[in-house]
1. Within the stretch 5-13, can one find any residue that is at pLDDT below 80 and basic (Lys, Arg)?
2. So which residues in the stretch 60-75 are touching an Asp or Glu at 6+ places or on another chain (Cβ under 8 Å), buried (at least 19 other Cβ atoms within 10 Å of the Cβ) and closer than 20 Å to GLY18 by Cβ, if there are any at all?
3. Please tell me if ASN70 is modelled with pLDDT of 90 or more, more than 10 Å from the chain's Cα centre (by Cα) and assigned to a loop (DSSP other than H, G, I, E, B).
4. Name the strands (runs of 3 or more DSSP E) wholly within the stretch 6-47 that hold at least 2 residues that are touching a Phe, Trp or Tyr at 6+ places or on another chain (Cβ under 6 Å)?
5. Spot the failing condition for VAL35; the list is (1) modelled with pLDDT of 90 or more; (2) at positive phi, and only one is missed.
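The values are calculated or read from the model by the stated rules, or taken from the named source; none is laboratory data. All of these numbers come straight from a predicted model, not from anything done at the bench. Quick reminder, even Gly has a Cβ in these numbers, built from the backbone with ideal geometry, and neighbours come from all protein chains shown.
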Amino acid sequence: MTGEDVRHVGRVEIKYKGVWGTVSNQGWDKTDAHVVCRQLGYHYALQTEIMSATQKFVAQPVWFSDVSCNGTEISILDCNVSIVAGQQWLHDSDVGVVCQVNETVGEW
């Protein structure tokens with residue numbers, strides 16, 4: 001990794017119906033992560049992460065599961081998703097992404 005490479009890592013959180021919540025890893029893959037990274041202004045996703053929640057995140061709903069993006073969407077909200085809010089979901093499988101900001105597109 002060169003000094004010009006910058007990676008940004010974080011939990012995927014979505015504001016839906018005015019409330020911030022998370023995304024379950026069920027059905028999640030690198031194509032979905034790529035859409036999220038581009039939505040946030042990065043070039044592409046290097047990898048996906050499972051981000052187990054600490055107690056401070058428990059009050060958040062898990063909004064989406066079974067995300068299925070084809071890779072061309074502008075936003076994760078343009079992808080096919082299952083809305084699971086209101087169901088009892090644990091935050092032990094919330095998704096996260098590692099995004100790359102340099103211009104060099106790598107294998108993903």
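1. Narrowing the stretch 5-13 to residues at pLDDT below 80: 5-7.
Imposing the further condition that a residue be basic (Lys, Arg) reduces the set to 7.
Yes: the stretch 5-13 contains one or more residues that are at pLDDT below 80 and basic (Lys, Arg).
2. Filtering the stretch 60-75 for residues touching an Asp or Glu at 6+ places or on another chain (Cβ under 8 Å) gives 60, 62, 67-69.
Checking the rest, the ones that are also buried (at least 19 other Cβ atoms within 10 Å of the Cβ) come to 62, 67, 69.
The one that is touching an Asp or Glu at 6+ places or on another chain (Cβ under 8 Å), buried (at least 19 other Cβ atoms within 10 Å of the Cβ) and closer than 20 Å to GLY18 by Cβ: VAL62.
3. Working: modelled with pLDDT of 90 or more: yes; more than 10 Å from the chain's Cα centre (by Cα): yes; assigned to a loop (DSSP other than H, G, I, E, B): yes.
So ASN70 fits the description; yes.
4. Values: elements: 7-11, 13-16, 19-23.
Of the strands (runs of 3 or more DSSP E) lying wholly inside the stretch 6-47, those with at least 2 residues that are touching a Phe, Trp or Tyr at 6+ places or on another chain (Cβ under 6 Å) span 13-16, 19-23.
5. Condition not satisfied by VAL35: (2).
Residue-wise test of (1) modelled with pLDDT under 70; (2) part of a loop (DSSP other than H, G, I, E, B); (3) surrounded by 11 or more Cβ atoms within 10 Å (Cβ to Cβ).
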| residue | (1), (2), (3) |
| --- | --- |
| ALA53 | yes, yes, yes |
| LYS56 | yes, no, no |
| LEU77 | no, no, yes |
| ALA85 | no, yes, yes |
| HIS91 | no, yes, yes |
| GLU107 | yes, yes, no |
